[in-house]
Every structure is written in structure tokens, then in C-alpha cells.
Protein chains: 2
Amino acid sequence: MSAAFDLPADPDDAPLPDALIGRFAAIVGETNALTQPSDIEPYLEEPRGLFPGHTSVVLRPRNVEEVAAIMRLANETKTPVVPQGGNTGLVGGQSPRSLGQVVLSLQRLDRIREVDKAGRTITVDAGVVLQRVQEAAEEAGLLFPLSLGSEGSCQIGGNLASNAGGTGVLAYGNSRDLCLGIEAVLASGEIHHGLRRLKKDNRGYDIRNLLVGSEGTLGVITGAVLKLFPRPAGREVAYAGVASPEDALALLHLAERHAGSGLTGFEFLPRLGLEFVLRHIEGARDPMAEPHAWYILVEVSSSRSAEDARDTMEVLLAEGFEAGLVEDAAIAKSIAEAKAFWHMRESMSWAQKPEGGSIKHDVAVPVARVPEFLRAADAAVLETIPEARICSFGHLGDGNVHYNISQPVGADRDEFLSHWREVNAKVHGIVADCGGTFSAEHGIGLLKRDELAATKPALEMELMRGIKRLFDPNEILNPGKLLQI
Amino acid sequence: MSAAFDLPADPDDAPLPDALIGRFAAIVGETNALTQPSDIEPYLEEPRGLFPGHTSVVLRPRNVEEVAAIMRLANETKTPVVPQGGNTGLVGGQSPRSLGQVVLSLQRLDRIREVDKAGRTITVDAGVVLQRVQEAAEEAGLLFPLSLGSEGSCQIGGNLASNAGGTGVLAYGNSRDLCLGIEAVLASGEIHHGLRRLKKDNRGYDIRNLLVGSEGTLGVITGAVLKLFPRPAGREVAYAGVASPEDALALLHLAERHAGSGLTGFEFLPRLGLEFVLRHIEGARDPMAEPHAWYILVEVSSSRSAEDARDTMEVLLAEGFEAGLVEDAAIAKSIAEAKAFWHMRESMSWAQKPEGGSIKHDVAVPVARVPEFLRAADAAVLETIPEARICSFGHLGDGNVHYNISQPVGADRDEFLSHWREVNAKVHGIVADCGGTFSAEHGIGLLKRDELAATKPALEMELMRGIKRLFDPNEILNPGKLLQI
């Protein structure tokens, strides 16, 4: 499949010398310096299978000091280092690209350092799995709202490095917005001690937000202070069937009016997407009797009570009916059903896999322009591949569309995927016309690096390269990802 | 008073040559290149009178292109440029420091470029006065929540350059959080076109957040896309009298539980502060019959209705009474009274002026540690100046305290103010012990520049200097502010 991706994997690079591997191993201990192919394998393959990985050694430090020692040695010996969290990234940012590169896995930095209930913050190691952060918050009677499909295996450090989005962005913001402080090891091995937990802090340039979203190219995030929120007293989840993206948008506005900041989810998927889910995801069932062109998953939260959330949901759906926007709706009748509703939406990506090749996009446009974008993109795609099965879904409340295209039934997978770049170019052109972005929440990595360089203003690329040189003069941190020097 | 500030004003620097002034004037037109002392004067004095200003010429460009032309010429001739908005900054960041420096006033960049109701954004020139942004939002039936004492004269560009905070941060975030996109002219005169309006956009390093909060040292902000919010359907404002900061904190937690994200204000001031206001602010009146040690201004908003906001306020105050936290309370009975309640809080700073010299702090600590901070700081201050009148007030919900100290009654003003640095050092030491910041929302400017350099980790200062050199290699943008190269 990588035929569509003209980025060489450099597998022929010289392996690291044994002596150097030995020096790295001495930092973390032999058992945490993996060199056997079977041990290394899980760190090589990224979820989309687009970028085959290569490395001589995977290092698994236990703490910040070991990360710092690794970076000092790497900097001294100019050894490229690829930081890796849960290896769930979708753009190849975490993939080691040659035998000369070291993988620095954060997985053993897995301590929850502190939960501050009164201050509503949690301080964690970078390698803590997102779901564990959520659970620790829950145990303290609080909420950590970052939520995404891979939350059971992705790590918070990777979430921050890629500024992950997900379904909670609508009400609570993305990873960047949820982060108060950062600890990171720079290319030199120096430790940036920025674990602040203040809502207001105007002391100079915003180093934290440079590190967040830099995809491991400016520093290795080793810890973070995250915001926690009160747990809603009530939460209601419903599916609504609507006839068109325009009606979906009108329903969004109606929901915002009724629920205000209590609107904590507004996702959409097409009938085709629901069919994929029903076909391939165990336990999935159609929430409504009749089929609808589009399905909206609405979540309403209330700080007061379960009844209050229920009332709001019922009123907004009733008004949606009256306004002719909602064709039918199903409110989850139990917590288990609410979870099942969410699971169907979150399984959307997985449900596409058995349907064959899929050409993917992670775009965002101003919310009001989503319908216009979908219309234009559908026309362009079907012109190129008439039988393509368009399954665009995502975070309507954020204007974020996973504009995914499954191959025609019975088509040749590789032939279909060979259109990836061509289709990307068309769809991204329409995105640009709508004032949007071709990278909403997955980042740049390898997949979109050249497109970034080709489309970003030259001035910004030059500033980015200057920042990269400043933070990483020897270009050892995740080289070739996000940008090329 | 500037005796306490050992920063030379460099008034003896050579004035700009007339020929160069002529070249700058040719860009903006003669009438917008002010050189007469009486014309220049309003641009020289900053609100606190700590940093007397000096300049040869004030330039008032009309648009981005003129700003770019000014910066190109300045860069070519290595002429220092001091960007200035409404000249309301409290740390001297906007003050020109020598006759060799040009003031670049943004005041004529005063267009509201676009209000996007559906997308809930507003695009403005940097020189638009904050209150006009609020009003334009209101006209569109929406809310721009940034709100601060100087909103009638400060400009949005300055708010962003200093990452201004204010009373809306609790529910809506600071200026940084309210900004989606930035347009800025860099030192080279190149224009950074970053007027994006997307909630999710992961395309490389976060240049926007570098420019925001950089106090005019990395670029001249010329325009911005700002977030708008639904206007609450109901809003209630009340004063509650409480006995101690501990009780105030407990009331905050209770209010958060009841109002959730509808808690849109939680400010505090001491009895002494209220007395200053009653004495010096026209129309101010004591909201309650008996005096209380501390006064909490609570604002609750509801997306549903006025009744809903009123219910929430009544319930939370009633529970506050029952829990023994609230001694007495007064809910504003009209919109006019609600405004008057807010006006009293916002006049706090002005009400201190007639009481003589005031040693000021703009600190923040983790919210839960505010009582501990106040206790320790009070003890330290009274040890130094036994009759000092401590008037600490501010944004309790953000942990942001304006820890201001009025001179003893009848004391010598200059003698009192000569303790400024000494008192700062003690108070900021306690702030640091509490994990706080000595610059919460006012920025660094000149006032705190040397303290920043002395207290920030060397690694971060070095990164900041590197960023400054990258953006402004000739060091012409607001030189000497925030940091020294």
C-alpha cells in the first residue's frame, strides 16, 4: 500500500554500532533495551500500515532522568531518536524509519504523580494510558474529558505531542486546552521543568504550546499537569436521524441554544457508516426502526441532575421534531446503552477496515461550511471514482470531518489506494477553498509532511525551521517528521 | 516614584534624524506622524507613572500594509519600534524609552472586519477598543467575554500581546484562549497571515501562541479572529459577605457544584477595599447592612432563562448560609444594580489612588492555596511596614490576587514606595513557595523583566532569547521589554 507514499523508509541505513547500543542499554538496563526482532516488532508497525518501521534498538526508560541521559548520549553521538507513546498515531509520526534510529518508548513512565482534587488538576507521567487518566479522575470524583477511539492504548504524552482532539473538544477543548504544564527533555538532554498548574501565568513566551503539537520534534514530553472538571450530575445520550447535513447543522444550533455549555457531544455519521458498524461491530444494533440518511449522536450533560439532562435532551429533540429537523430519535435508556451508542460511533474507523481499502482525510472547516464542503467533496470524489463509498463522519460540532472513502465493492484494493494522493489533493483543495485545514486532529507526521511544506506560507515554514534548529540543532529528535530542515 | 525602579530611561539617546523621520512620515502621511510634544504626550505616560516615556515620533498607520512598510524601513535602518495599543498596560511594556525609538500606534487600525454569526467568530483589526468588540458581539446577539477595568480604552491587539485576563477568565479563559487566529507583521516587515477560524487545526508549530503574550517583542499584531459565545439568557449578580478566605474558597466550591460552567464570576475584595470604593467612587453604596471581613461578587449565567439563573443563585446562597459560609448576601435587583455591583469591583484599583502610594502585585497561586498565600503574605508585609493597609482583591476563581498595599495613613508616599522592591521580593517569595506566578495577567514589560530573568530557569530564558533572535535578529521590536538579549 505504501506505493502511494513516496517517502523512502531508509531501511538500508547502517545499523547502530553494537558499542553504542551498549551505551544506551547501560542507561536503561539490558532488559529495557530491546534488540530482538520479536521484541521490537510491536514498536514498528503503525495502525495504518503505511510506514513500515525500522530500528536497531527500542529503549524503555523508567523516569525523566533516564530519558535525559538517553538524550544527552544521543546528542553527543548525533543519534536520531524517535519518541513513541502508545503507537496509535495515524500519520506515521511515531514510526522509526531506519536502523540508525533509536526508539524511545515512554511506556514505563507510567506513574500518576498527583491528583489535586481541590485545585482540580492531575499530574502524570507521559506514558500513562489515556484511559488511566480518565479513571484516576473518576476515582477523585472528577472528569478528564479527553476521549478518543484509541483511549485504551494511546498515552497522554502522545496525545499532547500530537495535540489530540476527539469527541470532548466541543465542550472542553483539545489536548492543548486541557494542559496547564509540561515537563520535557530537550534534544540536549536538559530537562524543561514546566509542570505549572496555574490558570493565569504570563511569564514570557509560551514554550508549553510550542512543545504541545510538535510531534516529538522539539522535545520529549515526559510529564504534564492536566485540567480536571466537575463530573456532570447527569448525562444523556441520543441518536437522532436527520435528512441532510444542513438539517444536522440546524440541529446543532438548536442544541447549543438549549444546552449551552452542557452540549458535550455532537457527532455525525452517514447511513453507510452505520451499516458498516452494524455489519462488523459486535453488539451493535440500529438505534431506530427506519433508516435515515444521517445519524447525529447528541450528548447533553448537566451539572445539576440526571433529570435536568433528560429534560434538556427531550426539549431539544422535541423542538427538533417540530422544526422538521429530526426524523426520529432514540434516547439511551441506561448507562450501558449510552456506552453502546458511543461505542458505535467510536468503532466507525474499525468498521471500515473489513470493507477494504479506505482513503482517509482528517479535515476541518468552519462549522457553518460543513454541508457545503461535503457536497463539493462528494462530487469531486465520485467524479474520480464513480463507485467509491463515501463514509464521512466525525465531530460536527467542531467542523471536523473524517472524510473517509471506502473502495467500491469488489474493486482491487491496491488500485483503489493508488488514488490516495490524487483524491487527497482534490478534497484538500476544497477544504482550502472553505477556509479549512487538511490536518484537524491527527497531526502531520510523515503522511502530510510534504503537503504541509507545499501549502503553508513560506514565512511560517521558515519560522518553524528556525524553531526546530533552535531546539534541536543536531536534528536528532524525530527527524523528518512534521518538517524537513 | 521611579527611584524604586533602577531601569534607566535612556532619554539621552540621540533623536532620530529628521531625514529618517521624513521617510517614516511618508508611509503614513504627515498628519499621522506626530512629532510635536503636545501631540506625542498621550503616548508617553503609562497609567502607573513608573516609566516616563521618550520618543521622536509617533506613527499612526491605517492598515496592515502601512505597518509592514514601517517595519521594513525600521528593519533596514535598525530603528527600534515600540508597538502601542490603548496605552493601558500596567508593566511599562508599551512605553517608548528613548528618543531613538519610534512609537507605532495601532489606534487607526480600527475596523471590525467581519462578524460570523453562524461560525461564532469576529475578525477585527488590532486597534479596535475592547468595548467595541463586546458591543459588536452583542449586536450580533452573541457574547465576547473578555472584560477588564480598562475595556473602554484598551485595544484588542494589546490584550492579545499581553494575554490579558480579567473577570471572564473563570468561565471563558484568557485572551489566548479566546483567539483562533492572528495576523501580525514581523520585524522584517513580512506579514504573517494567520487569520484562521478553526476549532481544530494541527498544522505544525503553534506560532499563534508565541505571538500572543509576547508583548510586542516578536511581532506587531495587526488583526485577530476571536471566539464568540452564546449570550446567556439570564444572568444574576450578588455580593456575599464571608468571614475568611477559607470560607470564600468553600463558597467557590459550592458555587462550582451548583452552577457548573454557568459560574461566570467569582471575585473577592476585603472590607478595606469596599471602604475605599465607598469613599472615592461616585454612586457606590454598601450592598449589605453590616460590615463583613470579605466580599465575594458572584455571577451566575444560564443559557436557559433569567429564572433559571435566579434559582441557581438563590439555591447556592441558601446553601452557603446553611453551611455557615455566607454571613449575608445581596442579589442585584435590576440590570442597573448588577452593573453597579460590577462597577464597584472594577473600580477597586482606582479607589486606591486617593489613599496614597500603593505597592502592587499581580500574582496567582493554585486556587486552593489562596488562603495560605494571603496569611503568609500579610504577616510578611506587616512585619516590614506595620501600619500598611493591605487591600488584596481579585479573581479568586482563578487564584489571581491583586495583592495591593496602600501606604499607612499619613505616611510619606515616597518613603513608602521605596519599599516596593523589598516588599515584592518577600511577597513573590511566598508566591513561589505556593507554586505560583508573580505575573498572572499583566505581563512582564519593564516592571518585571529583571525578576523574570532572575527567577525563570536558565534553560527557558535561553530558549526565549533564541526565539527572540529568530523573530527579530536586529532587535528592533520593543527592545528591552520582557527580556534582554
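When you look at A:GLU65, is it out of contact with any Cys (no Cβ under 9 Å at 6 or more places or on another chain), surrounded by fewer than 16 Cβ atoms within 10 Å (Cβ to Cβ) and closer than 21 Å to A:ILE476 by Cβ, yes or no?
Yes.
Please enumerate the residues belonging to the range B:374-389 that are of a type in the set (Gly, Ala, Ser) and surrounded by 18 or more Cβ atoms within 10 Å (Cβ to Cβ).
Answer for the range B:374-389, where residues must be of a type in the set (Gly, Ala, Ser) and surrounded by 18 or more Cβ atoms within 10 Å (Cβ to Cβ): B:ALA376, B:ALA377, B:ALA388.
Only one of (1) within 14 Å of chain A (Cβ to nearest Cβ); (2) more than 19 Å from B:VAL363 (Cα to Cα) fails for B:SER153. Which number is that?
(1)
Within the range B:393-415, how many residues turn out to be assigned to a strand (DSSP E or B) and either within 14 Å of another protein chain (Cβ to nearest Cβ) or over 11 Å from B:GLN352 (Cα atoms) (or both)?
Within the range B:393-415, residues that are assigned to a strand (DSSP E or B) and either within 14 Å of another protein chain (Cβ to nearest Cβ) or over 11 Å from B:GLN352 (Cα atoms) (or both) number 7.
So A:ARG120 passes all but one of these: (1) surrounded by 22 or more Cβ atoms within 10 Å (Cβ to Cβ); (2) touching an Asp or Glu at 6+ places or on another chain (Cβ under 8 Å). Which condition number does it fail?
(2)
Would you pick out the residues in the range B:250-291 that are surrounded by 24 or more Cβ atoms within 10 Å (Cβ to Cβ), farther than 15 Å from B:HIS343 by Cβ and of a type outside the set (Ser, Thr, Tyr)?
B:LEU251, B:ALA255, B:ALA259, B:GLY262, B:PHE266, B:PHE268
Go through (1) within 21 Å of A:LEU90 (Cβ to Cβ); (2) more than 8 Å from chain B (Cβ to nearest Cβ) for A:LEU180 and report which single condition fails.
(1)
Quick one: A:ILE122 ticks every box in (1) closer than 30 Å to B:LEU254 by Cα; (2) free of Cβ contacts under 8 Å to residues at least 40 places away in the same chain; (3) not in a loop (DSSP other than H, G, I, E, B) bar one, so which box is it?
Among (1) closer than 30 Å to B:LEU254 by Cα; (2) free of Cβ contacts under 8 Å to residues at least 40 places away in the same chain; (3) not in a loop (DSSP other than H, G, I, E, B), the lone unmet condition for A:ILE122 is (2).
Could you pull out the residue among A:LEU482, A:LEU470, A:LEU447 that is within 30 Å of A:GLY189 (Cβ to Cβ), surrounded by fewer than 22 Cβ atoms within 10 Å (Cβ to Cβ) and hydrophobic (A, V, I, L, M, F, W, C)?
A:LEU470
Do we find a residue being under 24 Å from A:ASN478 (Cα atoms), surrounded by fewer than 23 Cβ atoms within 10 Å (Cβ to Cβ) and either within 11 Å of another protein chain (Cβ to nearest Cβ) or in contact with an Asp or Glu (Cβ under 7 Å, 6 or more places away or on another chain) (or both) anywhere in the range A:162-176?
Yes: one or more hits.
If you scan the range B:64-86, which residues turn out to be part of a loop (DSSP other than H, G, I, E, B) and either free of Cβ contacts under 8 Å to residues at least 60 places away in the same chain or at positive phi (or both)?
Listed by number, the list holds a single entry, B:LYS78.
Residues checked against (1) under 30 Å from A:LEU160 (Cβ atoms); (2) small (Gly, Ala, Ser); (3) in contact with a Gly (Cβ under 7 Å, 6 or more places away or on another chain):
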| residue | (1), (2), (3) |
| --- | --- |
| A:GLU387 | no, no, no |
| A:TRP420 | yes, no, no |
| A:ALA432 | yes, yes, no |
| A:GLY436 | yes, yes, no |
| A:HIS442 | yes, no, no |
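So A:PRO96 ticks every box in (1) out of contact with any Lys or Arg (no Cβ under 8 Å at 6 or more places or on another chain); (2) crowded, with 20+ Cβ neighbours inside 10 Å; (3) not assigned by TED's automatic domain parsing to the domain that holds A:THR55 but one. Which box is left unticked?
Every condition holds for A:PRO96 apart from (3).
Determine which member of the set B:LEU195, B:LEU211 is in contact with an Asp or Glu (Cβ under 7 Å, 6 or more places away or on another chain), more than 8 Å from chain A (Cβ to nearest Cβ) and aliphatic (A, V, I, L, M).
B:LEU195
Mind checking which pairs have a first residue in the range B:282-309 that is of a type in the set (Lys, Arg) and a second that is assigned to a helix (DSSP H, G or I), Cβ under 9 Å, 6 or more apart or different chains?
Taking only residues 6 or more apart or on different chains, the pairs are B:ARG285/B:LEU278; B:ARG285/B:ALA340; B:ARG285/B:MET344; B:ARG304/A:HIS258; B:ARG304/A:GLY260; B:ARG304/A:THR312.
Need at least 2 residues that are within 23 Å of A:ALA318 (Cα to Cα) and in contact with a Ser or Thr (Cβ under 9 Å, 6 or more places away or on another chain) per element, so show me which helices (runs of 4 or more DSSP H) inside the range A:147-259 make the cut, counting only ones lying wholly within it.
Counting at least 2 such residues, we get A:169-172, A:245-259.
Given the conditions (1) within 11 Å of chain A (Cβ to nearest Cβ); (2) more than 21 Å from B:GLY89 (Cα to Cα); (3) surrounded by 20 or more Cβ atoms within 10 Å (Cβ to Cβ), report the number of the one that B:ALA364 does not fulfil.
Every condition holds for B:ALA364 apart from (2).
State whether the residues of the range B:429-437 include one that is crowded, with 22+ Cβ neighbours inside 10 Å, touching a residue at least 12 places away in the same chain (Cβ under 8 Å), in a helix (DSSP H, G or I) and in contact with a helix residue (DSSP H, G or I) (Cβ under 9 Å, 6 or more places away or on another chain).
Yes.
Could you list, in sequence order, the residues of the range A:198-208 that are within 25 Å of the chain's Cα centre (by Cα) and either under 20 Å from B:ARG449 (Cβ atoms) or more than 7 Å from chain B (Cβ to nearest Cβ) (or both)?
Within the range A:198-208, A:ASP206, A:ILE207, A:ARG208 meet the criteria.
I'd like the full set of residues that are within 11 Å of chain A (Cβ to nearest Cβ), charged (D, E, K, R) and touching a residue at least 12 places away in the same chain (Cβ under 8 Å), limited to the range B:459-480.
B:ARG465, B:LYS468, B:ARG469
Please find, within the range B:278-312, the residue that is modelled with the lowest pLDDT out of those that are assigned to a strand (DSSP E or B) and within 14 Å of chain A (Cβ to nearest Cβ).
Out of the qualifying residues, it is B:SER302.
Considering only the range B:22-35, I want to know if a residue exists there that is aliphatic (A, V, I, L, M), assigned to a loop (DSSP other than H, G, I, E, B) and modelled with pLDDT of 95 or more.
Scanning the range B:22-35, I find no residue that is aliphatic (A, V, I, L, M), assigned to a loop (DSSP other than H, G, I, E, B) and modelled with pLDDT of 95 or more, so the answer is no.
Inspect all residues belonging to the range B:127-134 and state whether any of them is farther than 30 Å from A:ILE485 by Cβ, more than 11 Å from every other protein chain (Cβ to nearest Cβ) and in a strand (DSSP E or B).
yes
Exactly one of these conditions fails for A:GLY320: (1) over 25 Å from A:HIS258 (Cα atoms); (2) out of contact with any Lys or Arg (no Cβ under 9 Å at 6 or more places or on another chain); (3) crowded, with 16+ Cβ neighbours inside 10 Å. Give me its number.
The one condition A:GLY320 does not meet is (1).
If you go through the range B:177-229 one residue at a time, how many are aromatic (Phe, Trp, Tyr) and either surrounded by fewer than 23 Cβ atoms within 10 Å (Cβ to Cβ) or modelled with pLDDT under 95 (or both)?
1
Could you give me the residue pairs with C-beta distances under 8 Å whose first residue belongs to the range B:232-257 and is more than 10 Å from every other protein chain (Cβ to nearest Cβ), whose second residue is assigned to a helix (DSSP H, G or I) and among the aromatic types (Phe, Trp, Tyr) wherever it lies, and which are 6+ apart or on separate chains?
If the second residue must be assigned to a helix (DSSP H, G or I) and among the aromatic types (Phe, Trp, Tyr), the pairs left are B:VAL237/B:PHE341; B:VAL237/B:TRP342; B:ALA238/B:PHE341; B:TYR239/B:PHE341.
Quick check on the range A:145-174: of everything there that is under 23 Å from B:GLY204 (Cβ atoms) and aliphatic (A, V, I, L, M), which residue is nearest to the chain's Cα centre (by Cα)?
Going through the qualifying residues, I end up with A:ALA164.
The values are calculated or read from the model by the stated rules, or taken from the named source; none is laboratory data. Since we're looking at a predicted model, the values are computed, not measured. Counting neighbours? That spans all protein chains shown, and the Cβs are built from the backbone with ideal geometry, glycine included.
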